[in-house]
Amino acid sequence: MKKRILSVLLIALLTAGVAFADFTFSGNFDVGYTFGFDGTTELTAVDGDNSAPYAGFFYLKGGNEYISLDVRSEADVAGGSIVRGSGIAMTGTINLSNILNTMFTMEMPVAIELYAGNQSFSSDADYAYGDSHGIDDEIDLGAARTQYPFGSKFAYGDLVQVFAYGALPVNGGSGAGLLELRTQPVEGVRANIAYGISVGEKAQDFQVSAIAEFGTLFDLDFDLAVSASYVANIDNAADNSHFMADLTGGYGPVGAYVEYEYYNDVENTDEETGLFIADNQHNLYIGASYDLADIVVPLSFGAEVALNNMAEAFTTGASVSVDAALLDLHLYAKLGFDDFTDAESGYVTVGTYYYF
């Protein structure tokens, strides 16, 4: 019965969105290959916005001040073949505060939005963290697509935003919930805190992040920002805890960053004692970039040195890259080594990505 009611409500929401919305269509095509010096070849995502080697995806977005609809479809490249990825993901949004403002001719002090869809929601890992290297750790609702995740947002400008997401235990699944608080007391300072729970997996996750953008705060003519983020499993903070700190700066076409990462991942146990064996990782990433925009073909150069597993089996890797933009089409190339002491850890990545 719950499933039928939710289905009817979702269909009604999406139908209203289609009937009264102005839609825009956009997408991305991304394909690349990495050729390892050890003779291996693998498909690679070359666009920083993609975390997997996509064949492409598209967005269909539309709405008005009262209701909106987002539709996303993507296809993964796996085993040399283009296969359907996570299918079609839809999210409908009702701007309840705008509806009430119009109905009762008033101006509510807070903004209220309601969400429903068939995809799992997540905390915003980048809202209050720089993430220069691209670690990107966030808390996912952990809901199956058939559980009809739903959510809401309450906001008082940019000062306070509260997001609450949930998933009903239907179709044999278990309940899940996610609560996130975001705040921006002044422009240039942001923080968020999130708590997620998955009943079926008996897991509770906690996340806190903060960022200070000094260039914005003090109206400097250069960029300087520092941020930090911590994610932990509350049930066992020694397992899968993750701490990151990021320092980034730039002046004109030149940019630089230093990012530190620590995580503790328990995967194995000692056969004699039965105790957990912790995999403690301390990694440091140092990078720089230079953009040549005032030429026929804008170029972006990047370089990074990675100091991995500094506490134990210390390794040093490095990479250099170039990105050429031909309007919305980008050509990308990268040369790198995961470990300078191992010649076979070298690789060359080439690819292209296109936005439309």
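General remarks:
- Stretch gain in nm, segment ALA203-ASP235, where the contour uses 0.36 nm per residue and the Cα spacing is subtracted: 10.9 nm
- Here the spin labels are modelled as points 7 Å beyond Cα on the Cα-Cβ line, and at PHE301 and GLU42 they lie 2.9 nm apart.
- Positive-end residue, region 275-356 charge dipole about Cα centroid, Cβ charges, pick of ALA293, PHE337, GLN281: ALA293
- The modelled label-to-label distance between ASP158 and ASP136, using points 7 Å beyond Cα along the C-beta direction, is 2.3 nm.
- Estimated FRET transfer efficiency (SER345, GLU65; beta-carbon r; R0 45 Å; 0.05): 0.25
- Here THR24 and PHE314 are evaluated by their C-beta separation; at R0 = 56 Å the FRET efficiency comes out at 0.70.
- Taking Lys and Arg as +1 and Asp and Glu as -1, the other residues whose beta-carbon sits under 10 Å from that of LEU60 total +1.
Every read-out reported here was derived from the displayed coordinates using simple, explicitly stated rules and does not represent laboratory data. Predicted model, so just to flag it, every value in this text is computed and none were measured. Here Cβ is always computed from backbone atoms with ideal geometry, including for glycine, and neighbour counts include all displayed protein chains.
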